[in-house]
Amino acid sequence: MADYGNDIITLTDEEGNELNFEILASVEVDGETYVGMIELFDDPQRMLESDGQLVIMKQVEDNSGDVVLITLDSNEELARVVAEFEKVLDEEYIIDDTEN
């Protein structure tokens, strides 16, 4: 049976603000796991005004064995991972890859 539930996580930014994200997909590239998500907003107007940009983070284990999300190391890594996400997400979403 398909799982139609949303995977929602809360992350804390550098300034201590808590932000909610919906995980859309995860992919594995070169033995590393990456998570693709979009920011969620309590205010419907902010959601409409959002660009809906996909946020991609790498999933790793910290020293205590907990799974954490970190930013990607390089533009080259980002390019490889974005290509994989486009393949996966293209099946379910319309992807607008034009720059404004």
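Read the figures in this text as sums done on the coordinates, not as results from a lab. Small disclaimer: the values here were computed from a predicted structure and weren't measured. Neighbour counts are summed over all protein chains in view; Cβ atoms, including those assigned to glycine, are modelled from backbone coordinates with ideal geometry.
Structural remarks
- Region 1-90: chymotrypsin sites (Phe, Trp or Tyr not before Pro) in DSSP coil with no more than 10 other Cβ atoms inside 10 Å: Tyr4
- Modelled FRET efficiency - R0 22 Å, Leu40 with Thr71, Cβ distances, 0.05 increments: 0.65
- Charge dipole magnitude, Cβ of K and R +1, D and E -1 - the chain, Cα centre, debye nearest 20: 140
- Only helices enter the 222 nm calculation for the chain: every DSSP H run of n ≥ 4 contributes -39,500 (n - 2.57), and dividing by all residues gives -6500 deg cm²/dmol, rounded to 500.
- Zero-based 10 Å bins, Cα pair distances in the chain, whole percents: 12, 42, 37, 8, 0
- In the chain, excluding the sites themselves, the longest stretch lacking any of the GluC sites (Glu not before Pro) that are in a DSSP loop with at most 12 other Cβ atoms within 10 Å is 16-90.
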